[in-house]
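Since the structure comes first, as structure tokens, the remarks are kept for the end.
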Amino acid sequence: LSQIEVRLIAHLSQDPKLLAVYREGRDLHAETAMGILHCKPEQVKEKKYRTPAKNLNFGIGYGITAGGFLDQLIVNDVWDYDEEGCQHLIDAWYELYHGVKEAQDKAVNEVKKHGFVRDIVGRIRYLPNVHSPMPWLREEARRQAFNHKVQASAQAVMKRGMARLWRWLREEDMLGEVWPLLQIHDDVVIEAPEEYETLLKDVMVQCLTAETDWCSVPILAEFSSGKTWGDL
């Protein structure tokens with residue numbers, strides 16, 4: 001599934017800029033790099049611009065901190081920022097996609113009121129530490145409130161897509177030859193004869209992207225094949 005968690009952030013937050021990027025099929029990382037780093041379009045693929053933008057796009061849903069962001073940049077060999085600069089970029093990201101901060105605050109208010117939050121299919125996660133007397137436990141519960149909505153909702157999309165795939169394989173009497181082996185985060189690994197590659201590509205993409213009636217942006221899937229898991 002392509003950028004499923006950020007797509008769900010767009011849906012949950014209804015941020016107009018995020019919605020526009022996905023609805024119009026634009027490059028989110030490039031848009032972010034230009035929006036917060038003010039680079040030119042021809043510069044968006046340079047590591048010093050694209051890596052910070054990409055890390056923020058994926059990290060905001062996890063409540064990324066300036067220190068954690070800086071660690072990610074160093075791991076990716078980007079040395080242009082210190083912790084203060086990283087915090088400035090986080091603030092700039094929220095200013096660019098202001099609807100996300102509003103959605104995060106709404107999730108925090110929800111957990112404060114009820115002691116739990118729900119994902120898009122209604123599944124509950126209890127977060128009693130939101131009322132803890134210990135500040136670090138309260139902050140962790142606040143971070144997890146929105147993160148649960150994003151991650152659990154992404155998992156719901158994946159599980160429904162996998163169920164569609166399994167039903168199709170059963171109806172086509174292909175389960176003896178084609179085996180869904182493993183889910184890894186937003187990937188599904190399937191073992192099958194090589195001659196089924198084109199067919200399975202179409203079926204998997206259709207099954208995994210079928211949950212679109214409720215979502216405000218398109219859900220996309222990608223496919224790759226190889227002789228071994230490592231080849232993928």
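The values are calculated or read from the model by the stated rules, or taken from the named source; none is laboratory data. What you see is a predicted model, and the numbers here were worked out from it, not measured in a lab. Because the Cβ atoms are built from the backbone with ideal geometry, glycine has one as well, and the counts that use them run over all protein chains shown. Only protein heavy atoms, including side chains, enter the accessible area calculation; ligands, DNA and RNA are left aside. Shrake-Rupley method; radii C 1.70, N 1.55, O 1.52, S 1.80 Å.
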*Sequence-separation-based contact order of the chain, relative, with Cα cut under 8 Å and 6+ spacing, percent*: 23
*Just read off the accessible area of Tyr62 with the full protein assembly in place, 1.4 Å probe, to the nearest 10 Å².*
80
*For a quick protection proxy, order the peptides 39-48, 160-169 by their average other-Cβ count within 10 Å, most packed first.*
160-169, 39-48
_GNM flexibility winner over the chain from Leu12, Leu127, Leu182 (Cα, springs under 10 Å)_ = Leu182
*Give the relative contact order (percent, whole number) for the stretch 147-232; include only Cα pairs under 8 Å separated by 6+ residues.*
26
_Acute angle (nearest 10 degrees) that the helix 135-171 long axis makes with the longest principal axis of the chain, alpha-carbon atoms_ = 10
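Going by the alpha-carbon gyration tensor, a ≥ b ≥ c the square roots of its eigenvalues, is the stretch 1-120 rounded (a/c under 1.5) or, if a/c is not under 1.5, prolate (a/b greater than b/c) versus oblate?
The shape class here is oblate.
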_Nearby lysines by direct alpha-carbon distance to Lys227 (threshold 26 angstrom, same-chain neighbours under 8 apart not counted)_ = Lys159, Lys201
*Taking 0.36 nm per residue of separation and subtracting the Cα-Cα distance, what length does fully extending Glu195 through Asn109 add?*
25.7 nm
*Starting at the first residue of the stretch 79-88, write each ³J(HN,Hα) from the Karplus equation 6.51 cos²θ - 1.76 cosθ + 1.60 with θ = phi - 60°, in whole Hz, x for Gly and Pro.*
10, 7, 10, 9, 5, 5, x, 5, 5, 4
*Arranged from highest to lowest average of other beta-carbon atoms within 10 Å per residue, in what order do the peptides 188-198, 51-61 appear?*
51-61, 188-198
*By the gyration tensor of its Cα atoms, with a ≥ b ≥ c the square roots of the eigenvalues, what is the shape of the chain: rounded for a/c under 1.5, prolate for a/b over b/c, or oblate?*
oblate
*For helix 4-13, what angle does its Cα long axis make with the longest principal axis of the chain, in degrees from 0 to 90 and rounded to 10?*
50
*In the Gaussian network model of the chain, springs joining C-alpha atoms below 10 Å, which of Ser132, Ser13, Ser216 carries the largest mean-square fluctuation?*
Ser132
*Rounded to whole Hz and in sequence order, give me ³J(HN,Hα) for the stretch 90-99 from the Karplus expression 6.51 cos²θ - 1.76 cosθ + 1.60, θ = phi - 60°, writing x for Gly and Pro.*
4, 4, 5, 4, 5, 5, 5, 10, 5, x
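Please state the shape class of the stretch 179-220: rounded when a/c is under 1.5, otherwise prolate if a/b exceeds b/c and oblate if not, all from the C-alpha gyration tensor. Present the calculation step by step, with values, prior to reporting the outcome.
Numbers: a/c = 3.53, a/b = 1.74, b/c = 2.02.
Judged from the Cα gyration tensor, the stretch 179-220 comes out oblate (a/c at least 1.5, b/c at or above a/b).
Using per-residue counts of other Cβ atoms within 10 Å, averaged over each peptide, order 22-34, 137-149 from highest down.
The packing order, highest mean first, is 137-149, 22-34.
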*Straight distance only, please: which aspartates and glutamates reach the Cα of Lys48 with their own Cα at less than 16 Å, same-chain residues fewer than 8 apart left out?*
Glu31, Asp71, Asp77, Asp80, Asp82, Glu83
*asked:* Using Cα springs under 10 Å in a Gaussian network model of the chain, which residue among Val111, Val150, Val203 shows the largest mean-square fluctuation?
replied: Val203
*Equivalent-ellipsoid semi-axes (√(5λ), Cα gyration tensor) for the stretch 125-206, whole Å, largest first?*
40, 11, 10
